[in-house]
Structure formats: structure tokens, C-alpha cells
Amino acid sequence: MDGQICCMVMRVNLDCNSCCRKMRRNILNMKEIEKHLIEKQQNRVSVCGRFKPADVAIKLRKKMNRRVEILEIEELPVHYEAEQEAPIVNHYKYY
């Protein structure tokens with residue numbers, strides 16, 4: 001599982017802006033998470049990276065002191081990363 005990219009959606013009760021800041025700070029300190037999205041209105045947190053979903057949920061539960069419910073887990077194939085990280089080449093000429 002460590003070799004695959006995993007995307008996970010969780011439900012966490014985020015009451016206020018300080019809860020969102022604390023969640024963002026905790027996610028940014030986890031090196032295995034590459035991308036994240038925090039939706040305060042829907043109480044959802046989406047993370048992508050190379051990790052085990054249960055480990056990330058347990059870490060966030062301990063650090064946030066809140067219940068973390070895993071809603072969805074999607075495992076992406078390894079070649080998916082190469083397609084997403086393709087460089088964008090601009091063919092503009094500046095005179």
C-alpha cells in the first residue's frame with residue numbers, strides 16, 4: 001500500500017476557523033500527505049498521498065481530539081502520478 005497513491009475523504013466536526021487552522025497545521029506536518037482539501041461547510045477533509053488510511057485517521061483523531069469518520073477511500077494506480085505531474089509547456093514568444 002505504501003507504493004500506491006491513496007485518496008481518502010473523512011468527516012470531521014470542524015466548528016470554527018481555528019479548528020480548520022489546527023486541522024491544516026496537522027495535515028501539513030504529515031510528510032506522507034501530498035495534497036489536501038478542507039471543506040468547512042460540509043465538515044469534510046480530503047487528503048491524497050502515499051499512506052495507510054487507518055494510520056492517518058488515527059493520527060488526526062489523536063491530534064484534533066475529535067471523532068474522524070472515513071467516508072471514502074480510493075486507491076490510484078502508480079502510473080496515475082506520472083500523468084498528473086506532466087510538465088506544462090507554454091509555446092508563447094515574448095518580444
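Things to note:
- Selection count, the range 52-61, where residues are surrounded by fewer than 15 Cβ atoms within 10 Å (Cβ to Cβ) and either among the small types (Gly, Ala, Ser) or outside any loop (DSSP other than H, G, I, E, B) (or both): 3
- Candidate set: the range 13-51, residues that are in a loop (DSSP other than H, G, I, E, B) and among the acidic types (Asp, Glu); chosen: the one farthest from the chain's Cα centre (by Cα): ASP15
Residue by residue, here is whether (1) exposed (fewer than 14 other Cβ atoms within 10 Å of the Cβ); (2) modelled with pLDDT under 90; (3) not polar (S, T, N, Q) holds:
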{"position": "CYS6", "(1), (2), (3)": "no, no, yes"}
{"position": "VAL9", "(1), (2), (3)": "no, no, yes"}
{"position": "CYS20", "(1), (2), (3)": "no, no, yes"}
{"position": "ASN26", "(1), (2), (3)": "no, no, no"}
{"position": "ILE33", "(1), (2), (3)": "no, no, yes"}
{"position": "VAL45", "(1), (2), (3)": "no, no, yes"}
{"position": "LYS63", "(1), (2), (3)": "no, no, yes"}
{"position": "HIS79", "(1), (2), (3)": "yes, yes, yes"}
{"position": "TYR94", "(1), (2), (3)": "yes, yes, yes"}
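The values are calculated or read from the model by the stated rules, or taken from the named source; none is laboratory data. As the structure is a prediction and not an experimental result, all values here were calculated from the model. In this analysis, Cβ positions are derived from the backbone assuming ideal geometry, glycine residues included, and neighbour counts consider all displayed protein chains.
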